[in-house]
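Here's the structure, in structure tokens; my notes come after.
What follows is calculated from the coordinates using simple rules that are stated; it is not laboratory data. Quantities reported herein were computed from a predicted structural model and do not represent experimental measurements. Counting neighbours? That spans all protein chains shown, and the Cβs are built from the backbone with ideal geometry, glycine included.
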Amino acid sequence: MPAPPPQPVPLPAIHASHAGSWIRSPNGETRGVAKGEAVMAAADTPHLLMNAPLVATRLGYPDLSGLDLLELFAFIHPARFCVPTAKGLADALDLAEPEDGAAVPQFLQMAAGVLLARCEADDWAEREGAWSALQSLGRMRWPWAQIIAPHVRQPEKAEKWLFSRLPEWEESPERPQPAHVSLSEDAIHSQLDRLTGSGAEKRVGQRSYAGAVGAIFSPREKRAKPHVLLAEAGTGIGKTLGYLAPASLWAQEAQGTVWVSTYTKNLQRQLRDESKRAWPEFRPDGSRPVVVRKGRENYLCLLNLEDALQGGFGGRAAILAQMVARWAAYSRDGDMIGGDLPGWLGTLFRARAIRSLTDQRGECIYAGCPHYRKCFIERAARASAQADLVIANHALVMVNAARGRDHAQRPTRIVFDEGHHVFDAADSTFAAALTGQEAIELRRWIVGPERGSKGRRRGLSARLADVASYDEAGGEAIAAACDAAAALPTDGWLARLAENAPSGEIEVLLAAVRAVTYARDESGAATAGYGIETEAAGLDGRFIEHAQSAAQALSAIRVPLIKLGLRLEAMLEDAPDWLDAQGRARIEGARFSLSWRIDTLSAWEALLGRLGGPADGEFVDWLAVDRNEAREFDIGLHRRFLDPMKPFARTVLEGAHGVMLTSATLTDRTPEGRDWATAIARSGAAHIEVQPRVAEAESPFDYASNAEVLIVTDVKKGDLAGLAGAYARIIEASGGGVLGLFTAIRRMRAVHGRIADRLARAGLPLFAQHVDPIDTGTLVDIFRDDPRASLLGTDALRDGVDVPGESLRCVVMEQVPWPKPSILHRARRAAGGGSAYDDTIIRGRLAQAFGRLIRSRDDKGHFIVLSPAFPSRLLSAFPQGVSITRLTLDEALQRVATGVSNMQAELEKDAHS
């Protein structure tokens, strides 16, 4: 006899959106209420709700709490994806979607019933550990604990604790160096046919692209002279399988490892899915041929989690720790940032708590950790050394190449997908920043946390206590470094600088930086509340004296760290009897961390040493006060390479055998035609005297028939009311499905605040970065899931967002995306050709933004720029043949409305046929 259907949970429910607020009583009556009444009701009695931080924002009541269905879902289905909306939850639970906001409270009661019934089901896949976790959550007074308790039966046998359930990784021998093989085009095409499937259409562009990629896997002819390929592949070419075909063939024949590097987490997820065509999930020996690698700060640290579970966290953060422990038992790889941990989980509690559970900089004690053999990070590192394909990000590839812990982790065959971002990634990776925040991190790593502060972070003395007791010289070096670190900032440094009472040589220097930066500001940013900066030139004698004193203080830290590194090396070469394998691993980890800190100190000293001297044309130096809405959060000196591809070439290209940079927007599309000069210059190949090969494959999409570029000429620059009105009318004409791109967060917030309620009343939800308390990845998930939703954002949404189909049918840019006039940009502009350099950047940004619009063969839509004076020389950024029209807003609205009508007619026709 089938089980009876789940019954709605008889608890009050509340929902609030820009369209209004509704409350449903336990006995089944739903009514619309004013915000004030909704707040009073929620404050008086816990209500069922969905995404409490978002509801709190809609009600203007930040202290809102209740029975959040997302928390219940995360407990019952850890590591399972769910879009955090009523529609998303309905899809996840196979329920009917509520018709409107007024129907959401009743839906929440039904969804709660379904979830609680799941706990009683015999086939509940995530039952293991739930009862034990619930006991802890009950003691923490988690609102759901008492409601769930009757539905979760106590297991007959005691459940295994999380740390005993996780599998241990095993040591593997170093993989032999790959065989030298060359791939024929016929073999590559056969592999491509296998990956795409026998019945798939053979795309000429994809086949020529794949054939070109094969060249980077050939043996290199000279040391430090890799094969370099620059390949531009238009959207729809199928470039992922285009390079995975030769990559998988080479990995199979050469028994080597290919690294594919991306810039966005979205593409990493896509790559993992596509790679299943080429590799099984597991080899016969149980290892994974495909491994996703990220920086250490992305993964859960089990020791941090244990500390949190044992009292390190309090209040809501302690509940989050229990939720994360539930997730860790079911996670694929422990990736907390963009992995299978729901991106919205941290915002339900406290975002900082998520970060504090990851591997913070320098606090890992490696083999000294009781969970070392089960560490997610160590497992991923070892798995990648044995993998055929490693999916990583640009920064990690560069860091591994520059200071890899061992030779096996140094990539030699690399595909940089989203290759137009390699320059920016190198710019960040090879930068130096002597700021208060960076300096205080260094102090904590050396000395440990200050008295009274929470956290596990221990100083050098605690981490290397056995070394200090065994080796006198090593102990002296540790003591000397700790003493010298007293010159670094301590907690409260920003307040002391504001009061003109710095403590220590570095704080004195930062106080001087702050004074000079404010004194020289000519931008007006100081008054407006933005961050300010000034050149590190023309500084007076007193400033130089402070810089020299700071450099001496840094040197006093660096020298004993170097001595300590030498002592650790000597210990490994002539190991004492008590040093076992785990101890050796811990010392190796300490050596790695030491080298990182020594390199950082050297860069800081070099930066300070240049001040007051002749300019070094290889670098750009400046002073800055970083602020957010007039609140200072960091102060310091910055150094960037004028051309960051120089260190990239030295550290990444020279050690590689084959490298490809690929993207749909690799070249500059000038009015005269496709220009490879910028792409070649930004590849770094010139710095090692290698002439890269170039390849291009045009998109198969019919842009001329499926897309229009509309340049609206009657929305005046600076008219915020007019800008907001234009966005509202475009979203209404399009019926949602609009991605709005802004060049300034303040304007985006102002536009959202003016139009969100109006659109919501028309059934058109509007979300925005930096407004809604939701991470960017989740915002895109919500946007993709609802064809009537629209999303406003900044740079992060201009590139790497993949929303094919009806959900994105219009992209709107509020103005031409001019480069920010920073000191760094000014220097590169002067070196790169002045206004021509700016035009290259702008055309690249326009091409990337346009690329969000047409993601599949059937996509159609409009690209709108609200700019009365759009320079004609920038129009070549758009695909050839696309109609470009300058027109009024009213005319643009007519075209958008007509396009939507035609699209709906085609959808109805397809449905009938």
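By how many nm would the segment from Lys820 to Gln135 lengthen if fully extended, with 0.36 nm per residue of separation less the alpha-carbon distance? Intermediate values should be presented prior to the final figure.
Numbers: separation 685, 0.36 × 685 = 246.60 nm, distance 5.31 nm.
In short, 241.3 nm is gained.
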Need the full-extension length gain, Glu522 to Arg332, defined as separation in residues times 0.36 nm minus the C-alpha distance. One decimal, nm. 63.2 nm
Got a sec? Charge dipole of the chain, +1 on Cβ for Lys and Arg, -1 for Asp and Glu; which of Met50, Phe107, Ala836 is way out at the positive end? Ala836
Under 5 Å between amide H atoms, partner at least 5 residues away or on a different chain: which partners does Ala387 have, H built in plane at 1.01 Å? none
In terms of the alpha carbon gyration tensor, root eigenvalues a ≥ b ≥ c, rounded if a/c is under 1.5 and otherwise prolate when a/b exceeds b/c or oblate, the stretch 542-680 is oblate
Sorted by Cβ density within 10 Å, fewest first, the residues Met645, Met50: Met645, Met50
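Quick one: compute the contact order of the stretch 708-771, relative version, from alpha carbon pairs under 8 angstrom and 6+ residues apart, as a percent.
Contact order relative to length: 32 percent.
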Between Leu566 and Arg316, what is the label-point separation in nm under the 7 Å Cα-to-beta-carbon projection? 5.3
Using label points projected 7 Å from each Cα along Cα→Cβ, tell me how many nm separate Phe81 and Glu472, to one decimal. 6.2
What FRET efficiency comes out for Ser164 versus Phe282 if R0 is 25 angstrom and r is the Cβ-Cβ distance? Round to the nearest 0.05. 0.60
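Using a Förster distance of 56 Å, how high is the FRET efficiency between Ala836 and Ala585, based on the Cβ-Cβ distance and rounded to 0.05?
Efficiency, from the Cβ-Cβ distance: 0.60.
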Collect residues whose amide H, placed 1.01 Å from N in the peptide plane, falls under 5 Å from the amide H of Val228; neighbours closer than 5 in sequence don't count. Val659, Arg693
Given Cα pairs under 8 Å that are at least 6 residues apart, what percent is the relative contact order of the chain? 14
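Give, rounded to the nearest 20 debye, the magnitude of the charge dipole that the stretch 190-288 has about its Cα centre when Lys and Arg contribute +1 at Cβ and Asp and Glu contribute -1 at Cβ.
The calculated dipole for the stretch 190-288 is roughly 220 debye.
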Need one number for the stretch 1-155: average projected area of the convex hull over its C-alpha atoms, nm². 9.6
Separation in nanometres of the label points that stand 7 Å from Cα toward Cβ, at Ala537 and Ala125: 6.1
If you place +1 on the Cβ of every Lys and Arg and -1 on the Cβ of every Asp and Glu, how big does the dipole about the Cα centre of the stretch 703-912 come out, in debye to the nearest 20? 880
How high is the relative contact order of the stretch 631-738? Use alpha-carbon pairs under 8 Å, at least six apart in sequence, and give a whole percent. 18
For the stretch 755-913, what class follows from the C-alpha gyration tensor (a ≥ b ≥ c being the square roots of its eigenvalues): rounded when a/c is under 1.5, otherwise prolate if a/b is larger than b/c, else oblate? prolate
Pull out a ≥ b ≥ c, the square roots of the eigenvalues of the alpha-carbon gyration tensor of the chain, then state rounded if a/c is under 1.5, prolate if not and a/b is larger than b/c, and oblate in the remaining case. rounded
Per-residue HN-Hα couplings for the stretch 6-21 [Karplus 6.51, -1.76, 1.60; θ = phi - 60°; Hz; x = Gly/Pro]: x, 9, x, 7, x, 10, x, 10, 9, 9, 9, 9, 5, 8, x, 10
A 26 angstrom limit on the alpha carbon distance is what I want to check against. Which of Lys646/Lys820; Lys225/Lys820; Lys160/Lys374; Lys222/Lys646; Lys87/Lys276; Lys202/Lys222 exceed it? Lys225/Lys820; Lys87/Lys276; Lys202/Lys222
Two-site FRET efficiency, Asp44 against Trp676, from Cβ-Cβ distance with R₀ of 56 Å, rounded to 0.05: 0.25
Computed, not fitted: 222 nm per-residue ellipticity of the chain from DSSP H runs ≥ 4 (each -39500 (n - 2.57)), nearest 500, equal to -13500 deg cm²/dmol
